[in-house]
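The structure appears below as structure tokens.
The values are calculated or read from the model by the stated rules, or taken from the named source; none is laboratory data. Given the structure is predicted, the values throughout are model-derived calculations rather than measurements. Cβ placement follows ideal geometry from the backbone for every residue including glycine, while neighbour counts extend to all protein chains displayed. Remember, those area values only see protein heavy atoms, side chains included, never the ligands or the DNA or RNA. Shrake-Rupley method; radii C 1.70, N 1.55, O 1.52, S 1.80 Å.
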Amino acid sequence: MDRDHAAPAAAAPSGDEGRRLPRTDVLLADPRLDAATHRLGRDLVKDVIAEVQARARAGEVPVSEIADRAVAALPATAAALRPVVNATGVLLHTNLGRAALSEAARDAVLAASGTTDVELDLATGVRARRGRSVLDALLRAVPAAEAAHVVNNGAAALVLAATALAQGREIIVSRGEMVEIGDGFRLPDLLVSTGARLREVGTTNRTTPADYAAAVGPDTGFILKVHPSNFRVTGFTREASVAELAPLGVPVVADIGSGLLTPEPALPGEPDATSRLRAGASLVTASGDKLLGGPQCGLLLGDAELVRRLARHPLARALRVDKITLAALEATVRGPVTPTLTALRADPAELRERAERLAGKLRADGLDSRAVDTEAVVGGGGAPGVTLPSAAVSLPAEFAPLLRGGDPAVMARVDDGRCLLDLRAVPEDTDPHLAQAVRQAAPRCAAPGPGTEN
Ligand SMILES: *Cc1c(COP(=O)(O)O)cnc(C)c1O
């Protein structure tokens with residue numbers, strides 16, 4: 001990895017010397033930059049060179065160092081997306097792309113990224129059902145489901161269900177479950193956009209089975225139960241369970257949000273697909289990149305006939321996922337424990353030990369760092385109101401922006417004038433990189449010179 005991020009030279013050349021810049025084609029002949037044109041594309045490398053040349057022209061970079069600086073400034077990949085260490089203490093951070101894929105899922109993505117047998121039976125050489133192995137994996141993980149279908153995300157799963165099962169008809173939904181999922185997107189608007197009508201029942205805090213029963217009629221497409229995944233209603237409340245609604249004679253669709261396939265002991269209040277189907281839901285919808293810990297996608301699990309109708313609907317084609325998503329999802333479902341579950345189940349005492357160890361090392365480097373106890377949360381992906389005891393390395397607040405600009409970039413949390421590196425969502429094997437990032441970010445005055453290298 002290129003980790004040479006020396007600070008701008010103190011004494012930059014000015015005047016004539018700064019203007020005699022090597023030409024771009026001369027720089028491109030540098031073997032390191034030439035190699036980069038094959039890996040990253042010529043335009044991208046030229047852009048990097050142009051930036052360094054501009055800094056040299058401004059006297060910020062010595063002319064003799066232009067090539068070296070350009071090499072150091074080359075991005076790791078041809079895409080601008082950069083890895084970010086999630087030290088926020090929010091396990092599923094939407095701005096950081098929610099769930100981190102497991103090694104197994106990353107390997108599967110890489111293997112599937114060329115041409116692959118996603119829709120081909122290699123034994124016979126003829127076309128096969130797309131994504132059959134991931135559907136098998138889902139049904140094996142959720143035996144309570146007769147069939148499964150995968151779409152782009154949780155919202156797409158709902159849109160497909162509403163379109164295929166309730167277009168021109170009614171979706172019965174509690175007034176307590178008309179939720180906004182974030183960034184201004186509201187489920188009621190999404191459902192109405194499909195041409196279904198919403199039949200609201202009950203009140204914000206109380207909706208009874210009788211409220212639903214009174215609304216069921218010939219126009220009913222289905223009853224929708226939405227898990228309030230980002231807020232909690234407490235106090236004088238009543239909600240009808242799936243088990244209470246299943247006998248009403250119309251399909252019950254349960255949007256569980258988080259994507260847990262089976263109950264998770266660490267989050268006893270969080271709904272899961274198996275329990276909802278056992279309780280009598282006809283269909284469960286969920287996201288793939290929340291607590292399931294997989295790629296962005298939407299799951300539909302349940303009644304074979306309903307799933308068949310969804311999968312055959314023309315809209316299904318527009319919501320279809322690609323081979324990379326299928327590969328990542330299958331490896332997530334079949335593979336080892338995901339980073340998300342590992343973080344969720346982490347032992348607070350071990351987190352504290354890691355924080356002590358890291359803080360101690362950084363203190364030895366002369367930095368103002370100490371271990372502190374913190375509280376982490378699951379995040380927009382589920383379990384509102386649940387806090388998870390955690391531990392962090394506490395640093396001066398000025399570190400936060402410096403860490404964001406580092407390599408690897410680190411997203412910390414600033415609390416009470418301190419920059420906290422919460423370790424619950426940080427995989428343990430990332431600790432050395434975290435320490436490295438802090439050392440690099442250390443303002444020179446705070447660090448004992450040579451300690452900032454390496
Ligand atoms: C997150 C969530 C959604 C939306 O899922 P996306 O995968 O973000 O499209 C829908 N319903 C609930 C209950 C959710 O928690």
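Along each of its three principal axes, how wide is the spread of alpha-carbon positions in the stretch 289-441, in whole angstrom units, largest first?
In descending order, the Cα extents are 64, 29, 28 Å.
Size of the dipole of the chain about the Cα centre, Lys and Arg at +1 and Asp and Glu at -1 on the beta carbon, nothing else charged, in debye to 20? Present the calculation step by step, with values, prior to reporting the outcome.
Values: 51 positive and 56 negative charges, 175 e Å.
Rounded to the nearest 20 debye, it is 840 debye.
With the other protein chains left in place, how much accessible area per residue, in square angstrom, belongs to the stretch 242-361 at a 1.4 angstrom probe? Write out the running numbers ahead of the final one.
Working: 4750 Å² over 120 residues.
Heavy-atom SASA per residue in the stretch 242-361 reads 40 Å².
For R418, list long-range residues whose amide hydrogen, built 1.01 Å from N in the peptide plane, is under 5 Å from its own amide hydrogen.
Correct list: empty.
Compute the distance from the alpha-carbon center of the stretch 167-241 to that of the stretch 382-406, in whole Å.
35 Å
By how many nm would the segment from R278 to R32 grow when fully extended, if each residue of separation counts as 0.36 nm and the alpha-carbon distance is taken off? Write out the running numbers ahead of the final one.
Values: separation 246, 0.36 × 246 = 88.56 nm, distance 5.98 nm.
Full extension from R278 to R32 adds 82.6 nm.
As an exercise, use a Förster radius of 35 Å and the Cβ-Cβ distance of T387 and D107 to find the FRET efficiency, rounded to the nearest 0.05. List each step's numbers first, then the result.
Values: r = 34 Å, r/R0 = 0.96.
After rounding to 0.05, the efficiency reads 0.55.
Amide H of A147: which non-local residues (sequence gap of 5 or more, or other chain) have their own amide H closer than 5 Å, using H built in the peptide plane?
G302, A304
Of the heavy-atom accessible surface of the stretch 103-336 (probe 1.4 angstrom), what whole percent is carbon and sulfur? Present the calculation step by step, with values, prior to reporting the outcome.
Values: 5390 of 10480 Å².
Carbon and sulfur atoms account for 51 percent of the accessible area of the stretch 103-336.
Helix by helix, which DSSP H runs in the chain go 20 Å or more along their axis at the Cα atoms and have an average Kyte-Doolittle hydropathy of -1.0 or more?
On the way: long enough: 42-57 (22 Å, -0.32); 348-364 (24 Å, -0.93).
Span-like helices here: 42-57, 348-364.
So, counting K/R as plus one and D/E as minus one, what does the shell of residues with Cβ under 9 Å around M178 add up to?
Details: positive: R175, R186; negative: E177, E180, E200.
Combined, the nearby Lys, Arg, Asp and Glu give -1.
When Lys and Arg each count +1 and Asp and Glu each count -1, what net charge do the other residues less than 12 Å away from R130, Cβ to Cβ, add up to?
Details: positive: R127, R129, R132, R317, R320, K323; negative: D117, E119, D121, D322.
For residues surrounding R130, the net value is +2.
With the crude spin-label approximation of a point 7 Å out along Cα→Cβ, what separation in nm comes out for A214 versus A318?
Distance between the two pseudo-spin positions: 3.7 nm.
For the stretch 168-323, how big is Rg over Rh, using alpha carbon atoms and the Kirkwood form of Rh? Let's see the in-between values first.
On the way: Rg = 15.2 Å, Rh = 16.2 Å.
A ratio of 0.94.
Can you pull the one-decimal nm distance between simple spin-label points at A246 and E375, each 7 Å off the Cα toward Cβ?
For the pair A246/E375, the computed spacing is 3.6 nm.
From the residues G182, G89, L135, which one has its Cα farthest along the dipole of the chain in the positive direction, the dipole being from +1 and -1 charges on Cβ of Lys/Arg and Asp/Glu about the Cα centre?
Result: L135, furthest along the dipole toward the positive end.
Just to confirm a number: summing +1 for Lys and Arg and -1 for Asp and Glu over residues other than L120 whose beta-carbon lies under 12 angstrom from that of L120, what do you get? The partial results should precede the final answer.
Numbers: positive: R127, R129, R130, R132, K323; negative: D117, E119, D121.
Charge balance near L120 sits at +2.
By its C-alpha gyration tensor, with a ≥ b ≥ c as the square roots of the eigenvalues, how is the stretch 272-334 shaped: rounded for a/c under 1.5, else prolate for a/b larger than b/c, else oblate? Can you show the working numbers first?
Values: a/c = 2.32, a/b = 1.11, b/c = 2.10.
Note, shape of the stretch 272-334 comes out oblate.
Sort 108-120, 388-400 by packing, meaning the average of other beta carbons within 10 Å per residue, with the highest value first. Write down the numbers at each step before the final one.
Numbers: 108-120: 13.7, 388-400: 22.7.
Packing proxy ranking, top to bottom: 388-400, 108-120.
Amide H to amide H under 5 Å from R370: which residues, 5+ apart in sequence or cross-chain, H placed 1.01 Å off N in plane?
The list, which skips near neighbours in sequence, is S394.
For the residue pair T94 and A128, what label-to-label distance in nm results when each label sits 7 Å from Cα along the Cα-to-beta-carbon direction?
Computed distance between label sites T94 and A128 equals 3.8 nm.
Quick check: from the Cα gyration tensor, does the stretch 70-213 come out rounded (a/c under 1.5), prolate or oblate? The partial results should precede the final answer.
Values: a/c = 2.44, a/b = 1.40, b/c = 1.73.
Taking the square roots of the gyration eigenvalues as a ≥ b ≥ c, the stretch 70-213 is oblate.
Could you tell me which of rounded, prolate or oblate describes the stretch 181-220, using a ≥ b ≥ c as the square roots of the eigenvalues of the alpha-carbon gyration tensor, with rounded for a/c under 1.5 and, failing that, prolate when a/b is larger than b/c and oblate otherwise?
Values: a/c = 4.53, a/b = 1.39, b/c = 3.26.
Judged from the Cα gyration tensor, the stretch 181-220 comes out oblate (a/c at least 1.5, b/c at or above a/b).
Report the FRET efficiency, 1/(1 + (r/R0)^6), for Q436 and A58, where r is their Cβ-Cβ distance and R0 is 25 Å, rounded to 0.05. Present the calculation step by step, with values, prior to reporting the outcome.
Working: r = 30 Å, r/R0 = 1.18.
Using R0 = 25 Å, I get an efficiency of 0.25.
Could you give me D for the stretch 211-285, from Stokes-Einstein at 10 °C and 1.306 mPa s, where the hydrodynamic radius is the Kirkwood radius over C-alpha pairs? Units µm² s⁻¹, please.
Values: Rh = 13.2 Å.
D = 120 µm²/s.
How large is the convex hull of the C-alpha atoms of the chain per residue, in Å³? Kindly include the intermediate steps, with their values, before the conclusion.
Values: hull volume 80.7 nm³, N = 454.
Value for the chain: 178 Å³ per residue.
Pull up the cross-link candidates among the lysines for K290, meaning alpha carbon to alpha carbon under 28 Å and not fewer than 8 places away within one chain.
The qualifying lysines are K225, K323.
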